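The structure under discussion appears below in the form of structure tokens.
Quick note: the coordinates plus some simple rules give every number you see, no bench work behind them. These numbers come from a predicted model, not from an experiment. Every residue, glycine as well, gets a Cβ built from its backbone with ideal geometry; the counts of neighbours run over all protein chains shown.
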Amino acid sequence: MAVDLSDPTTRSLIRMAGLGLAPGWSPDQGPQTLSAASPAEALAATVSRIGALQSQHWRGALHTLAMRTPDHSLATVREAFDRGLLVRTWPMRGTLHTVAAADLPWLLRATLPRMDRQTAKRRLEFNIVEPVLQAAAETTHQALLDRPLTRNQLVAVWREEGLIGKMPGRAYHIFMTLCYRGILALGPTDDGGEQLVVELDLPKLMTDPYPVYIQRYFLSHGPATIEDLARWSGLTKSSLRSDTSKARTRGILASTPSGTQQLWHRPDLDDIGEDVLDGLRQMILLSGFDELIVGYGDRSCTLSPDHEGLICPGGNGMFKHTIVENGHVVGTWRREDTGDPVPEWFASPTRAQLRAFDRAGAQLPS
């Protein structure tokens with residue numbers, strides 16, 4: 001199939017496929033379910049291929065990840081965390097993401113220097129100096145030898161040890177710093193479904209992580225621009241351009257002109273079957289922080305600029321859940337107290353859309 005990237009719908013559907021939303025299809029495996037791996041391992045492989053999925057809200061993260069499993073299974077997501085295949089941490093932009101644990105060495109090495117610079121002012125405001133971080137890490141190590149701890153329970157231990165003081169927010173910035181430095185992460189869940197803190201012992205990465213970082217983004221999020229990658233990663237465009245061009249020279253990435261910009265993407269877009277794209281045209285209900293929305297600076301092929309304020313009122317970074325049909329956001333949704341989804345349409349829905357919403361609601365992760 002010859003892919004026409006000038007068509008916004010096609011661009012959006014290709015992004016959905018690359019981001020793991022095509023049932024039973026993987027860009028690396030073709031149109032088949034990954035049968036050789038367990039569902040949890042297949043999910044971890046999907047997350048690894050994407051690079052990272054924004055996950056600041058735990059329940060929203062569960063939804064986002066379950067939508068990348070064949071049966072939208074929350075149990076598969078929890079198993080992936082409980083087996084240590086996935087962790088939640090702050091790899092970039094000061095925002096929690098879910099990543100494959102095996103990817104942490106190269107991912108954190110790529111972003112650590114910039115994260116440290118970007119958070120230096122806040123650490124200074126909270127008087128979070130190196131001895132404080134060392135004390136927090138040692139206190140955490142000793143506490144975890146006794147029993148598993150959630151993040152809130154760990155903060156309580158820090159408070160007892162006098163590491164928090166009376167500065168609201170200090171614990172958050174200590175914990176975030178220890179995470180993006182590769183010392184701690186959020187991993188398995190306790191009996192109540194809350195994530196437990198885990199210590200990390202990451203190997204030192206001797207190779208340049210930038211090529212891998214760039215390739216993971218464009219192979220999954222593409223078609224996208226350098227500007228999209230810079231926004232997603234928190235890195236500078238100048239630091240990304242050279243390795244991106246080298247990936248094109250080696251045939252790992254391809255690019256297509258789009259106005260004054262270049263759309264970067266995997267080189268085998270024409271191998272994506274029409275059946276794969278057709279399968280993505282059906283209505284699905286995504287969580288508010290799905291990569292299809294938050295993974296781009298320019299998301300206009302999926303979301304009309306006129307509707308940006310409807311999914312992120314006030315531009316405060318809090319995104320509503322979205323209704324996506326044929327690659328386009330057509331409304332938002334929320335859960336009633338009963339757990340049933342309730343739509344808020346951008347335009348009066350057709351009867352077909354109302355029926356499609358009911359079907360999509362019946363397929364929500366469980």
Original post:
How large is the charge dipole for the stretch 282-362, taken about the Cα centre, if only the Cβ atoms of Lys, Arg (+1) and Asp, Glu (-1) carry charge, to the nearest 20 debye?
Top reply: 180
**OP:** Taking the Cα centre of the stretch 227-323 as origin, work out the dipole magnitude from +1 charges on Lys and Arg Cβ and -1 charges on Asp and Glu Cβ, in debye rounded to 20.
**Re:** 500
Subject >> Sequence-separation-based contact order of the chain, relative, with Cα cut under 8 Å and 6+ spacing, percent >> reply: 21
Original post:
Relative to the longest principal axis of the chain, what angle (0 to 90°, nearest 10) does the C-alpha long axis of helix 8-18 take?
Top reply: 50
Original post:
If one takes the longest principal axis of the Cα atoms in the chain, at what angle in degrees, from 0 to 90 and to the nearest 10, does the Cα axis of helix 351-362 lie?
Top reply: 30
**OP:** Sum up the charges of everything whose Cβ sits under 14 Å from the Cβ of Ser366, counting Lys and Arg as +1 and Asp and Glu as -1, but leave Ser366 out.
**Re:** +1
Original post:
Under a plain spin-label model, where a point goes 7 Å from the Cα along Cα-to-Cβ, how far apart in nm are Asp337 and Thr9?
Top reply: 4.1
Subject >> Neighbour net charge for Leu253 - beta-carbon separation under 13 angstrom, K R +1, D E -1 >> reply: +4
**OP:** Pull up all non-local amide H partners of Thr189: gap of 5 or more, or a different chain, and H-to-H distance under 5 Å with H placed in the peptide plane.
**Re:** Asp82, Leu196
Original post:
What percent does the relative contact order of the stretch 282-362 come to when contacts are Cα pairs within less than 8 Å and at least six residues apart?
Top reply: 30
Original post:
Debye sum, Cα scatterers, the stretch 282-362, no solvent: what log₁₀ I/I(0) at q = 0.11, 0.24 1/Å?
Top reply: -0.26, -1.24
**OP:** Could you please rank Thr140, Thr119, placing first whichever residue has the fewest other Cβ atoms within 10 Å of its Cβ?
**Re:** Thr119, Thr140
Original post:
Which of the peptides 281-294, 259-272 is most tightly packed, and how do the rest follow, judged by the mean count of other Cβ atoms within 10 Å per residue?
Top reply: 281-294, 259-272
Original post:
What's the angle, to the nearest 10 degrees (0 to 90), between helix 130-146's Cα axis and the longest principal axis of the chain?
Top reply: 90
**OP:** Identify, among Gln118, Ala75, Ala102, the residue whose Cα sits farthest towards the positive end of the charge dipole of the stretch 64-122, taking +1 on the Cβ of Lys and Arg and -1 on the Cβ of Asp and Glu, with the dipole about the Cα centre.
**Re:** Gln118
**OP:** Would you calculate, for the chain, the mean residue ellipticity at 222 nm contributed by helices, counting each DSSP H stretch of 4 or more residues as -39,500 (n - 2.57) and dividing by all residues, to the nearest 500?
**Re:** -13000 deg cm²/dmol
Subject >> Positive-end residue of Trp333, Leu292, Pro349, charge dipole of the stretch 282-362 with Cβ unit charges >> reply: Pro349
Subject >> Environment charge at Ala171 (Cβ cut-off 11 Å; Lys +1, Arg +1, Asp -1, Glu -1) >> reply: +3
